[in-house]
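Trainee: Take a look at this one; I'll ask things after.
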Amino acid sequence: EVMHTYRPSSVAGLTQSAEGAGAELLLWSRGGQSYYIDATLTPIEDAGGAVYGDVIVFRDITRQKQEADEIRYISYHDSLTGLYNRTFFEEELKRLNTKRQYPITLILGDCNGLKIANDIFGHLEGDRLLIAIAEIMRKATRQEDIVARWGGDEFAVILPRTDEATAASVRERILALCAEAEANPIRPSLALGSATNMDGSTDLDGLLKLAEDRMYRHKLMEGKSARNAILQSIKKMLYEKSYETEEHAGRMINIAHRFGRVIGLSIDEMEELSLLAVLHDMGKIGIPDHILRKNGKLSQDEWAIMKKHPEKGYNIAKSTPELSGIAQLILHHHEHWDGTGYPDGLHGEKIPKLSRVLAIIDAYDVITHHRSYKVAQTEHDALEEIKRCAGTQFDPELAQSFVNLMLDGLDGRDITAEDDVEPSETVELDSVGVGRGEPESPVS
């Protein structure tokens, strides 16, 4: 039952209109439901042509109105974030660029870490990062401001009647909200630039160019700290998700320094090896938890997914200038001397030297420390296993040098001496998980 019209004057206008004329009415039911109605009036005439009544036809057009509103919304909004899109932004910028709105300010923002998020975690996590930034932009701005997604990883804001000092406060508010946000998995981070048109003396193209230049300058100045924050987040996630720990990384660096000196690595190589010792498995943060934490052997499908982690780590490193030098080392740290490793099946000296060095150090540490899927073995067991795998999994010359180094650290005890532990099974010397190698044929 229709109770009343939103605009009563519409009905009055309808009765005064010409034959066949219509009016659009917004009516409300007793239950509070609104309906859009198209009302058409047709006069009733007698034989002499005199009007003695009217016929009004009401047609419910609520659905058509809703569909039109949806189309209008889609045409002016970004489907992912719900912010305005670039088309609407540019139209509004032209409309608002008037004397009444001066001073008018633009803020442009570029999302840090989107490529890393997409490469490691997939586009779903990248989308979540963009949505989080969109929400921050909404919170930091006023209702009358126009906030838009300007491009793939760029955002833009129109601030009418806003001077440079106020715009600086808005930028600071955006950065503060980013700093307070949860790293899930990567903390939202933006490079920002702004430009203000005080009196119309700057055209729109010039205003946009100035804001963009300042944004990229900020990205250049803050890029290193932003990337470092992302790397710290990645390391934290690696320790939380996998069996890698800070203690493991510390032991790896300690052994790497000792071994590096023995085999004559340069200072630059030692630095790269130290970095590799900490971050070689960072691609694991892109592997599902149920696979990383599974006790026992992985299924064929799970193993195929696990073997993707060197490539994921490579993609992270390539995206980060500070790590680009170890990208290839990360990619190939699971290659085997005999060519049976992954991802590329490299063999012999085609495998980067530091990747070959890291493989031995990592295997030793994993074998000698407890994990949920295996018990720790003695140093002697670990060295015996490395000797056995020399020439197949490991560079034989490096393996022998490592064994000699570690034996010197065991007070000269005979490696063949019996220990009071159960002999270990043949293990997969692989930091993916020693003892949980490829399902049907453990790699040795």
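Since every read-out is calculated from the coordinates, none of them should be taken as a lab result. Values in this document were obtained by computation on a predicted structure and should not be read as measured data. Note that we place each Cβ from the backbone using ideal geometry, even for glycine, and neighbour counts take in every protein chain shown.
Trainee: Name the lysines eligible as straight-distance cross-link partners of Lys241: C-alpha to C-alpha under 17 Å, and not fewer than 8 places from it in the same chain.
Mentor: Lys284, Lys294, Lys307, Lys308, Lys312
Trainee: Could I ask something else about it? Count charges around Ala134 for me, please; just the other residues with Cβ under 13 Å from its Cβ, Lys/Arg as +1, Asp/Glu as -1. Write down the numbers at each step before the final one.
Mentor: On the way: positive: Arg128, Arg138, Lys139, Arg149; negative: Asp78, Asp127, Glu135, Asp153, Glu154.
So the surrounding residues net to -1.
Trainee: When the dipole is taken about the Cα centre of the stretch 160-263, and only Lys, Arg (+1) and Asp, Glu (-1) are charged at their Cβ, what size is it in debye, to the nearest 20? Write down the numbers at each step before the final one.
Mentor: Working: 16 positive and 15 negative charges, 145 e Å.
Here the size comes out at about 700 debye.
Trainee: Which of Trp303, Trp337 comes first, and how do the rest follow, when ranked by fewest Cβ neighbours within 10 Å?
Mentor: Details: Trp303 18, Trp337 25.
Fewest-to-most Cβ neighbours within 10 Å comes out as Trp303, Trp337.
Trainee: Still on this structure, I have one more. Under 20 Å between alpha carbons, and skipping anything fewer than 8 positions from Lys353 in its own chain: which lysines qualify?
Mentor: Qualifying lysines at Cα under 20 Å: Lys318, Lys387.
Trainee: Would you work out which of His347, Trp303, Gly53 lies farthest towards the positive end of the dipole of the chain? Charges go on Cβ: Lys and Arg +1, Asp and Glu -1.
Mentor: Sorting the options by dipole projection puts first Gly53.
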